[in-house]
Structure formats: structure tokens, C-alpha cells
Amino acid sequence: NAGVTQTPKFQVLKTGQSMTLQCAQDMNHNSMYWYRQDPGMGLRLIYYSASEGTTDKGEVPNGYNVSRLNKREFSLRLESAAPSQTSVYFCASIPDGDGQPQHFGDGTRLSIL
Amino acid sequence: RKEVEQDPGPFNVPEGATVAFNCTYSNSASQSFFWYRQDCRKEPKLLMSVYSSGNEDGRFTAQLNRASQYISLLIRDSKLSDSATYLCVVNEYGNKLVFGAGTILRVKS
């Protein structure tokens, strides 16, 4: 049972480069999320998707775009990477229904030089 | 004011000690509450949900006080393996979860 799978696990980019972080879940969840986590701070929501075909901005969406390709996959794209986007990125999904906890992927550690 | 606030710690305790963490939240309409555990910047993992009546899971007890808008986590008989960061998480509405910055626990022999 894979749960939530993120790729890649590590990435180093140069300022201005672009890349896409991939996330897939095999639990048939409708809601999916992208967070970033920086030292001394909690997880901050970048974007989320309540269902296939819908996406909404979270707390820190600037510099990112997302795509909910289908029910399983939710990708995060950095069009022009900046050093301030160096962070650990987590994808999560949540079952339908009230009071459900999130399931997280292993994270992507991204460094931008 | 942050939406979810936690004492960052660290809490340094000896093995066998009892330790308690508190967390306050600002949105009185918040629906559900959780404690997650996170090890060394790995992914957060659900420790337990928090119910109005309070709930216990082995050495861990969670309580919710809606009137004062705080959540607590009590760990009894601390183990070395309990060393981690504990995240307080609040579901404000419609599966919008807000995370506290975490409380660091270090259990020492």
C-alpha cells in the first residue's frame, strides 16, 4: 500500500530554473494539498485541490502553480526558482468526511542556489 | 496572532517523566483537532485525534477545551523514542488544516 508518493526526494536547482514536483495517491481521496516547511515554522499551505479539476490558493501561493491532472495526481510547478523557495515540500491527501486526518508523502527536499 | 500557537520548547525531560504540551487556536469555529509527530524533518505522522471528551491511547492523553480554545497532549512514562517534534493541527473548515510550528521534545537517559 503506497499511500502518498512524492518524486523526486531531493533536488538542487539554480536560480531561474523550473521544475515540477510530482505527487500521487492511491487511496481514492478527493482532497490533495501541497505544503512547504521551513525551519522554525509549521507547515504552510501553498495550494490545495478539493477534487479533480479544482485548485485553490493557500497561504503562500506566489511563485508556484499546480495541476490536478486526475484524481490520483497533484503536481506543483516552480516556473522560475528563487532561493527563497528552498524548503521541504510535502504533499498530502485526506479522505472525505468530517474530522479526517491527512496522509503525507515523504517530502521533497529542494535547494535553490 | 497566529492561528495555531505552540510553545516551541525544547522540552528536555528524563526517561520516565511525564510531560505536557499545550496548543491554542484562534478560530472558535474550528471543527476538528489532531496531534501529529514529526521526526527529523520527515513527514508528519498522525499521533492521535483530539475529541471533546478527551481521549487516551496508551501513554498519550489528548484533551480539548473549546471554551478556552486550547488543546493539550500529555505523555506519561516518556521513552527515548518519544523524542520528536509534536505538531498541533486544527481543521478550521472544509478540510482546511492549520499547523502549529511544533514543540520539540527531547527525552534523555
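Yes or no: region A:101-109 includes at least one residue that is touching a strand residue (DSSP E or B) at 6+ places or on another chain (Cβ under 6 Å), within 14 Å of another protein chain (Cβ to nearest Cβ), at positive phi and touching a residue at least 40 places away in the same chain (Cβ under 8 Å).
yes
What number of residues in region A:62-94 are away from chain B (no Cβ under 14 Å), assigned to a strand (DSSP E or B) and in contact (Cβ under 8 Å) with a residue 60 or more places away in the chain?
1
When region A:51-61 is examined, which residues are found to be in contact (Cβ under 8 Å) with a residue 12 or more places away in the chain and out of contact with any Ser or Thr (no Cβ under 8 Å at 6 or more places or on another chain)?
A:E52, A:G53, A:T54, A:G58, A:E59, A:V60, A:P61
When you scan region A:12-27, do you find a residue that is part of a loop (DSSP other than H, G, I, E, B), under 19 Å from A:G97 (Cβ atoms) and touching a residue at least 60 places away in the same chain (Cβ under 8 Å), even just one?
Yes, the conditions are met somewhere in region A:12-27.
Let me confirm something: among A:S75, A:S31, A:S67, which residue is farther than 25 Å from A:V12 by Cβ and of a type in the set (S, T, Y)?
A:S31
When you go through (1) at pLDDT 95 or above; (2) surrounded by 14 or more Cβ atoms within 10 Å (Cβ to Cβ) one by one for B:Y70, which number turns out not to apply?
(1)
Does A:D38 satisfy being over 13 Å from the mean Cα position of the chain (by Cα) and under 16 Å from A:H103 (Cα atoms)?
Numbers: over 13 Å from the mean Cα position of the chain (by Cα): yes; under 16 Å from A:H103 (Cα atoms): no.
The answer is no for A:D38.
Out of region A:72-84, which residues are at pLDDT 95 or above and surrounded by fewer than 20 Cβ atoms within 10 Å (Cβ to Cβ)?
Listed by number, the residues that qualify are A:R72, A:E73, A:S75, A:R77, A:S80, A:A82, A:P83, A:S84.
In the list B:A17, B:A67, which residue meets the criterion of being under 24 Å from B:E92 (Cα atoms) and aliphatic (A, V, I, L, M)?
Going through B:A17, B:A67 in turn, the sole match is B:A67.
The values are calculated or read from the model by the stated rules, or taken from the named source; none is laboratory data. Please read all numbers here as calculations on a predicted model, not as lab measurements. In this analysis, Cβ positions are derived from the backbone assuming ideal geometry, glycine residues included, and neighbour counts consider all displayed protein chains.
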